1. Would segment 259-270 turn up any residue that is without any contact (Cβ under 8 Å) to a residue 24 or more places away in the chain and over 24 Å from VAL113 (Cβ atoms)?
2. Check segment 136-149 and report whether any residue there is closer than 17 Å to ILE220 by Cβ, of a type in the set (S, T, N, Q), in contact with a helix residue (DSSP H, G or I) (Cβ under 7 Å, 6 or more places away or on another chain) and not in a helix (DSSP H, G or I).
3. Only one of these is without any contact (Cβ under 8 Å) to a residue 60 or more places away in the chain, over 24 Å from ILE110 (Cα atoms) and exposed (fewer than 15 other Cβ atoms within 10 Å of the Cβ): PHE45, PHE9. Name it.
4. Within segment 57-66, is even one residue in contact with a Cys (Cβ under 7 Å, 6 or more places away or on another chain), closer than 17 Å to HIS202 by Cβ, outside any loop (DSSP other than H, G, I, E, B) and not aliphatic (A, V, I, L, M)?
5. Quick check on my filter: what residues within segment 343-364 are surrounded by 15 or more Cβ atoms within 10 Å (Cβ to Cβ) and either among the hydroxyl-bearing types (Ser, Thr, Tyr) or without any contact (Cβ under 8 Å) to a residue 24 or more places away in the chain (or both)?
6. Of a type outside the set (Val, Ile, Thr), part of a helix (DSSP H, G or I), in contact (Cβ under 8 Å) with a residue 40 or more places away in the chain and under 30 Å from TYR22 (Cα atoms), is that true of LEU234?
7. From the list SER80, SER138, SER70, SER66, pick out the single residue that is closer than 21 Å to MET279 by Cα, polar (S, T, N, Q) and either modelled with pLDDT under 95 or crowded, with 18+ Cβ neighbours inside 10 Å (or both).
8. Among the listed residues GLY52, GLY108, identify the single one that is surrounded by fewer than 16 Cβ atoms within 10 Å (Cβ to Cβ) and farther than 29 Å from ARG277 by Cβ.
Amino acid sequence: MFRNESAPFYTETACTRLIKQYSKFWFLCCCPDIWVDKVEFSDTFVKMYRKGMILFNIINAIFCTSCFMSLFTQHGLTRSQESDRLAYAVSTPIVTVFYHYVVLYYTGDIRQVLYKLIVVLKVEHNDKTAEEEMIKKSKLHNGIFFAVCVCNIALVGLSNFIQAVFNDATFITCISAWPDIEDRSPLAGATRVIVYFLWFLHVARNMGVLLIIHTALLCISQQYSNLAAYFDDLNKIFDEELSQEKKELKFEKGFKKGIAQHALTLWCVDETQRVLRIMFSSHVMLWCGLLMSCLPEIIMDESHSLTVLMTNAPRVAAALLGLGYFMWPVGDITVHASNLPSAMYGCGWQCCHGNSARIRKLVVLAMMVAQKQIEMKAFGHFSFSYETYVVIVKMSYTLFSVLY
């Protein structure tokens, strides 16, 4: 392993091993240095790939510009192609600028938050159940989301390939500024194939960026579960074979450590909100817009044919999963944070006698802070939650109904 010399040493856990695996994917997606350790690639490959990132970013910028310019250069499209063109022309620049570039700008802040959540806050207590649950949830969410995204791209490519082979149509997937959709020259055909693979690479880069954000949110959710387990375990102090005075001193010391951990957790929450506030707002606009772009072809199809439904099903699924990809873990944060005051109340403070007055005041103050609802917001006011997810999905259909 190639360790960053400036990175501190830490005890390896299942969570740090998962992050090391993710960091390799992040590096390949042109998001280096997100984790404190260097990626487990050879030094030669790392040096060459870092230099190549400049070229990759230039190619990606050209691709996004071409998608946007297609709004002005491509004409005579079908309703489905117009919907696709609008979705790609708007989404590709938004994801590149407000996701990828924002993550690159805040790389140091994200790395610090992840390190505190995964390493520093696990020194005193690391609940294995919460850790295993977080890892399972991460693999499940990412597996489903990535599979749907890749399936969507593959089906679009396969469908258009079949149309090109059997119906003599042009191979149109992600619509670019050039070539014209009716241009059947060999150069135009080759360009369309290149555009298709550039689209695939663009989506792969985006999945890496989204994985960074999703991982940070899951780690915060896990930390609140870990904190609740820590306060629950304080009860065990009074089962030890110590004098009552020593038990109370040990309990008070442990409770104060829990308060310090909670304070650091709140700092991580505030930092995450500060760093990701642009992405949260962009996320709502992007996925709500993509969901709306899927509706015209489905609703306005008078025949309600199975072909139209099957063609749009992967896009609708990707839009719904993409919207929930941030909102679901943020909803978990709110739920797990709400359990912390109860854990503090049941930590065993009632077993203290000599210092009971001081301990009670400490517990009450800690519970008052913990009772403050933890939320992540878009546009400064729009809270992410399970309820908000349902509202946004309904709102997309309502907006479409009003506009059309």
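The values are calculated or read from the model by the stated rules, or taken from the named source; none is laboratory data. For clarity, every value in this text was computed on a predicted model and none was experimentally measured. Counting neighbours? That spans all protein chains shown, and the Cβs are built from the backbone with ideal geometry, glycine included.
1. No - not one qualifying residue is present in segment 259-270.
2. no
3. Only one candidate passes the filter, namely PHE45.
4. Yes, segment 57-66 contains a residue that is in contact with a Cys (Cβ under 7 Å, 6 or more places away or on another chain), closer than 17 Å to HIS202 by Cβ, outside any loop (DSSP other than H, G, I, E, B) and not aliphatic (A, V, I, L, M).
5. TYR345, the sole residue that qualifies.
6. no
7. Testing whether each residue is closer than 21 Å to MET279 by Cα, polar (S, T, N, Q) and either modelled with pLDDT under 95 or crowded, with 18+ Cβ neighbours inside 10 Å (or both) leaves just SER138.
8. It is GLY52.
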